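Novice: Take a look at this one; I'll ask things after.
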Amino acid sequence: DKKADRCSLAAQIILSNIQKQNEQQKIKTYERIKRPISPIRIQSNTFYRPANIKPPITRTKLGYIDDEKSDKLSTQQTIPSLIKQNQKIILQDYQQPFIRPYNLKNDSNSPIIDPNLKSPKSTIQLQDFEGFSILKELIMTERTYKKDLDLVTILFRQFAIKQNCDLNEYPLFEQILYSDQCLLPLHDFHTKFLNELEIRLYKWTDNKNSDYMPSSFVMGDLLSQVESVICYYRFYIQKYEFILNELEQLCKKNKKFETLYKEFELLKVCYLPFTMFLFKPIQRIVHYKTLIERLLVSYGIKHPEYQQLYVLFEKLDSLNDIISDKISLFENKQKILELEKDLVNYTSDKELKRQFIREGSLQKFSRKGYQQRMFFLFDNALLYCAKSSTSSGLQFKIHGEYELKNIQVEDGNAHLSVENSFTIHSLKRSLLLCAVSSQEKNKWLQDLYEAIEKAKSQNENNNSPLINSDCKSNLSTLKSNSSSDNNLDLTHELDDQHQNANVQHRANTTMHVCWHRNTSVSAMDIHKSNVNQLSGYLLRKFKNSNGWQKLWVVFTNFCLFFYKTYQDEYPLASLPLLGYTVTIPNESDNINKEFVFKLQFKNHVYFFRAESQYSFDRWLKVIESAAQNSSMSNMID
C-alpha cells in the first residue's frame with residue numbers, strides 16, 4: 001500500500017509539472033497575440049510579416065498541409081519572437097503574426113497546446129474562459145459600433161429632416177452612403193447581429209440556465225455571418241476617400257448643408273467629429289480580424305469551431321490587406337480636415353499631398369521670454385502657430401512656415417544653456433524651442449532629422465504657400481460636450497454642459513489636449529489609437545473618495561468616454577489620455593483590490609477596476625497606446 005501511495009504521489013507531481021509547463025506555454029502564446037498589430041505596409045506589396053513565412057497552406061483530403069515540406073514546420077517560421085514587457089514597440093518594426101492551422105502530429109513545437117497533454121477538464125476551462133473573454137470583448141465593442149452606425153445612418157438623416165433638408169438631393173448620400181451597397185445594409189445586418197450576440201451572452205451568463213456550461217461557449221455560427229457583408233465593407237473601403245473629398249466640397253460649396261453639418265456636430269450625441277464616425281466601419285474590420293486571430297490561438301486546432309473561424313479569418317485578412325494599402329492615406333486626410341477646422345488661416349486645397357508627421361506644444365524663446373506655441377511638422381514643412389485672440393474658443397493662427405529643405409536643427413543652443421532645448425536655423429532667422437521633458441525633445445528631434453533628410457534628398461520644387469491671409473476657415477470651429485480633468489463627477493456633468501454651451505467644440509481633440517498638457521502626438525500615435533478600440537464596464541474611483549462607481553467606458557481617439565450604461569445616448573464626461581501615465585497602485589494608494597490600474601497626470605489621479613485578468617490586460621494595452629510616458633515597471637507579468 002505504501003509503494004502504491006508513493007507511485008500515485010509521483011504520478012500526481014509529474015502531472016502537475018506538465019500542467020504548469022503547458023499553462024506557461026499558453027500564456028506565452030497569449031502574450032504574443034495581444035501585442036499591437038499594425039495593418040500598415042511599407043510599400044504596396046510589402047507586409048509586416050516575418051520574411052521566412054512559408055507559402056499559404058493548401059487543403060487536401062488529409063487536412064491542411066504546407067506547399068513545401070510540411071514535415072519541417074517550426075514555431076519560429078510563423079510566430080514572431082516574444083516582445084519583452086518593457087521593450088519599446090515601434091509598429092514599423094513589428095512583424096504581424098500569421099495564423100494558420102497547425103498539424104499537431106507533425107509539429108511538436110506548435111504554439112497550440114495539445115489537449116491530450118492535459119486533463120480534458122482543465123483544458124476546457126482554460127480555453128473556454130479565455131475564449132469567453134474574447135467573445136465578450138467582441139460583444140461589448142459591437143454595442144458601441146452599432147451606435148456609431150446609428151448616428152450616421154439614422155440620427156443624421158432624422159436631424160436633416162427636422163431641418164427641412166433632404167439628403168437624397170445630394171449624390172454623396174443617395175448614391176453611396178445611403179445606397180443599398182453601403183452603410184444601410186451594414187446597419188441592418190449589425191442590428192440583427194448584435195441582438196443575436198446579446199441573446200447568446202445572456203444564456204452564457206444566466207446562472208439559472210444550467211444548459212450553458214463553460215464547454216458550450218459556441219459562437220462560430222454567429223461570427224460566420226459576417227462573411228455575408230464583406231462585399232459591402234469592400235465597397236465602402238474603395239469609396240472612402242471619395243466620400244471624404246465629396247463631404248469636404250459639399251461643406252464648402254453648399255451653405256445650407258454646411259449649416260446642417262455644423263449644427264449636427266453641436267449635438268452631444270456627436271461626441272467625435274462626424275468624419276471619425278465615417279471611419280468606424282474601417283476600424284471595425286481591423287478589430288474583427290484581430291479578435292478572430294486571438295480566438296484561433298486560444299481555441300487551438302482541435303477546437304470544433306477552429307476551421308469555421310479560420311475561413312472567416314482568411315476573408316477578413318484579405319480585406320485587411322486592402323485597408324493596409326490605404327489606411328495611412330485615410331488617416332492623413334482625416335488630420336488635414338481637422339486642421340482646417342482649428343487653424344484660422346489654413347487652407348487644404350493645395351496641400352492634401354502633404355504628409356502629417358507630428359503636432360504639439362513647445363515653448364519659443366523671444367525677447368519677452370518664453371511663449372507657448374503650437375507646431376505642426378509635415379514631410380516638407382514646419383508650421384508654428386499662436387493662439388488666436390480674435391476667434392471664439394480655442395483656435396490657432398499660423399505665424400510662420402519653414403520649408404524643411406532650407407532648415408537645420410541644432411540640439412541645444414551654442415549661446416544659451418537651456419534644458420530640453422533645440423534650435424531651428426532657417427535662411428533668415430533662428431528659433432530656440434524648449435520641450436517639457438527630454439523625452440518630448442527627443443521625439444521632436446528624431447522626427448525633424450528624418451523629415452529634413454528625406455525632404456532634402458527629394459529636393460522638392462513645388463513650394464506652394466500654405467498661408468492665405470485672405471482665406472478664412474471654411475469649416476468654423478464647432479462645439480460639443482467638453483472634457484475635463486477636474487470634473488468627472490457624473491452627478492454634475494449635465495449641468496456643466498448646459499452652462500458651458502458656448503465653450504468650444506471638443507476640447508478633447510489632439511490639438512487642444514497637446515496645447516493644455518504641453519505634449520505632442522505623431523502620425524504613428526494616431527494610427528495606434530485608431531487600431532485600438534475597446535468598450536466595457538469599469539469601476540472608477542477618485543483619489544480622495546472611498547466608493548467605486550460602475551461606468552460604461554468607451555476608448556477611442558486617445559480618450560475615455562464615460563456613460564452610466566451602454567444604452568445612454570451620449571457620454572456624460574470624457575478623459576483625454578495624452579500625457580497620462582498608467583501604472584498599478586502602490587501600497588500608499590491603499591487599494592486592496594484585484595485588477596486595478598492607476599491613471600495619473602500631475603495631481604489628477606484616477607483608479608479603474610476591471611472585472612477579470614483578461615479585461616485588465618486589454619484595458620492596459622489600449623490605454624498605453626494613447627497615454628504617453630507610460631510607466632509599466634510595476635505591471636504584473
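The values are calculated or read from the model by the stated rules, or taken from the named source; none is laboratory data. A quick note: this is a predicted structure, and the numbers were derived from the prediction, not measured. Counting neighbours? That spans all protein chains shown, and the Cβs are built from the backbone with ideal geometry, glycine included.
Novice: Going by the conditions given, is ASN530 outside the structural domain of GLU331 (by TED's automatic domain parsing) and farther than 27 Å from ARG143 by Cβ? Even if it seems obvious, please write down each step before you answer.
Specialist: Details: outside the structural domain of GLU331 (by TED's automatic domain parsing): yes; farther than 27 Å from ARG143 by Cβ: no.
The answer is no for ASN530.
Novice: Going by what's in this entry, would ILE282 be described as free of Cβ contacts under 8 Å to residues at least 60 places away in the same chain and within 23 Å of SER522 (Cα to Cα)? Steps first, answer last, please.
Specialist: Details: free of Cβ contacts under 8 Å to residues at least 60 places away in the same chain: yes; within 23 Å of SER522 (Cα to Cα): yes.
Judged against the criteria, ILE282 is a match.
Novice: Then there is this: Is it the case, given these coordinates, that LYS368 is touching a residue at least 40 places away in the same chain (Cβ under 8 Å) and of a type in the set (D, E, K, R)? Show your work before the answer.
Specialist: Details: touching a residue at least 40 places away in the same chain (Cβ under 8 Å): no; of a type in the set (D, E, K, R): yes.
So LYS368 does not fit the description; no.
Novice: Tell me which residues, restricted to the range 149-182, are under 25 Å from the mean Cα position of the chain (by Cα) and among the hydroxyl-bearing types (Ser, Thr, Tyr).
Specialist: Within the range 149-182, THR153 is the sole residue that qualifies.
Novice: Based on what the data block shows, is PHE562 assigned by TED's automatic domain parsing to the domain that holds VAL622, on the phi > 0 side of the Ramachandran plot and either surrounded by fewer than 19 Cβ atoms within 10 Å (Cβ to Cβ) or not small (Gly, Ala, Ser) (or both)?
Specialist: Values: assigned by TED's automatic domain parsing to the domain that holds VAL622: yes; on the phi > 0 side of the Ramachandran plot: no; either surrounded by fewer than 19 Cβ atoms within 10 Å (Cβ to Cβ) or not small (Gly, Ala, Ser) (or both): yes.
No; evaluated as a whole, the condition is false for this residue.
Novice: Something else now. How many residues does the range 187-210 hold that are more than 27 Å from the chain's Cα centre (by Cα) and modelled with pLDDT of 90 or more?
Specialist: 1
Novice: Confirm whether THR275 is surrounded by fewer than 19 Cβ atoms within 10 Å (Cβ to Cβ) and in contact (Cβ under 8 Å) with a residue 40 or more places away in the chain. Working first, answer last.
Specialist: Numbers: surrounded by fewer than 19 Cβ atoms within 10 Å (Cβ to Cβ): yes; in contact (Cβ under 8 Å) with a residue 40 or more places away in the chain: yes.
So THR275 passes the test.
Novice: Quick check on my filter: what residues within the range 294-307 are of a type outside the set (Lys, Arg) and more than 25 Å from ILE282 (Cβ to Cβ)? Reasoning before the result, please.
Specialist: If we filter the range 294-307 for residues that are of a type outside the set (Lys, Arg), which is where we start, we get 295-301, 303-307.
Once the filter is applied, which keeps residues that are of a type outside the set (Lys, Arg) and more than 25 Å from ILE282 (Cβ to Cβ), the range 294-307 yields SER298, TYR299, GLY300, ILE301, HIS303, PRO304, GLU305, TYR306, GLN307.
Novice: Could you please find all residues in the range 322-335 being crowded, with 20+ Cβ neighbours inside 10 Å and over 16 Å from the mean Cα position of the chain (by Cα)?
Specialist: Result: LYS333, single match.
Novice: Under the condition of being out of contact with any strand residue (DSSP E or B) (no Cβ under 8 Å at 6 or more places or on another chain) and part of a loop (DSSP other than H, G, I, E, B), which residue from the range 241-295 is nearest to PHE173 (Cα to Cα)?
Specialist: ASN254
Novice: Scan the range 298-308 for residues that are surrounded by 21 or more Cβ atoms within 10 Å (Cβ to Cβ) and in a helix (DSSP H, G or I) and report the count.
Specialist: Of the residues in that region, 2 qualify.
Novice: Considering only residues of the range 598-628 that are without any contact (Cβ under 8 Å) to a residue 60 or more places away in the chain and outside any helix (DSSP H, G or I), which is nearest to LYS441 (Cα to Cα)?
Specialist: If we filter the range 598-628 for residues that are without any contact (Cβ under 8 Å) to a residue 60 or more places away in the chain, which is where we start, we get 598-600, 602-603, 613, 616, 620, 624, 627.
Checking which are outside any helix (DSSP H, G or I) leaves us with 598-600, 602-603, 627.
On the way: LYS598: 26, LEU599: 23, GLN600: 21, LYS602: 19, ASN603: 23, ALA627: 17 Å.
That would be ALA627.
For every residue, the table says whether it meets (1) crowded, with 16+ Cβ neighbours inside 10 Å; (2) modelled with pLDDT under 95.
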site: LEU551; (1), (2): yes, no
site: THR556; (1), (2): yes, yes
site: GLU569; (1), (2): no, yes
site: THR583; (1), (2): yes, yes
site: PHE595; (1), (2): yes, yes
site: GLN613; (1), (2): no, yes
site: GLU624; (1), (2): yes, yes
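Novice: If you don't mind, another one. Out of the residues in the range 211-233 meeting the condition of being more than 16 Å from LYS280 (Cβ to Cβ) and in contact with a Leu (Cβ under 9 Å, 6 or more places away or on another chain), tell me which one is modelled with the lowest pLDDT.
Specialist: The first filter runs over the range 211-233 and keeps only residues more than 16 Å from LYS280 (Cβ to Cβ), leaving 211-225, 227-228, 230-231.
Keeping just the survivors that are in contact with a Leu (Cβ under 9 Å, 6 or more places away or on another chain) gives 217, 219-220, 222-224, 227, 230.
On the way: PHE217: 68, MET219: 83, GLY220: 88, LEU222: 90, LEU223: 92, SER224: 92, GLU227: 94, ILE230: 95.
The selected residue is PHE217.
Novice: On to the next question. Out of all the residues in the range 383-392, is one or more buried (at least 16 other Cβ atoms within 10 Å of the Cβ), among the hydrophobic types (A, V, I, L, M, F, W, C) and in a helix (DSSP H, G or I)?
Specialist: So in the range 383-392, the residues buried (at least 16 other Cβ atoms within 10 Å of the Cβ) come out as 383-385, 388, 391.
Adding the requirement that they be among the hydrophobic types (A, V, I, L, M, F, W, C) leaves 383, 385.
Now drop any that are not in a helix (DSSP H, G or I), which leaves none.
No.
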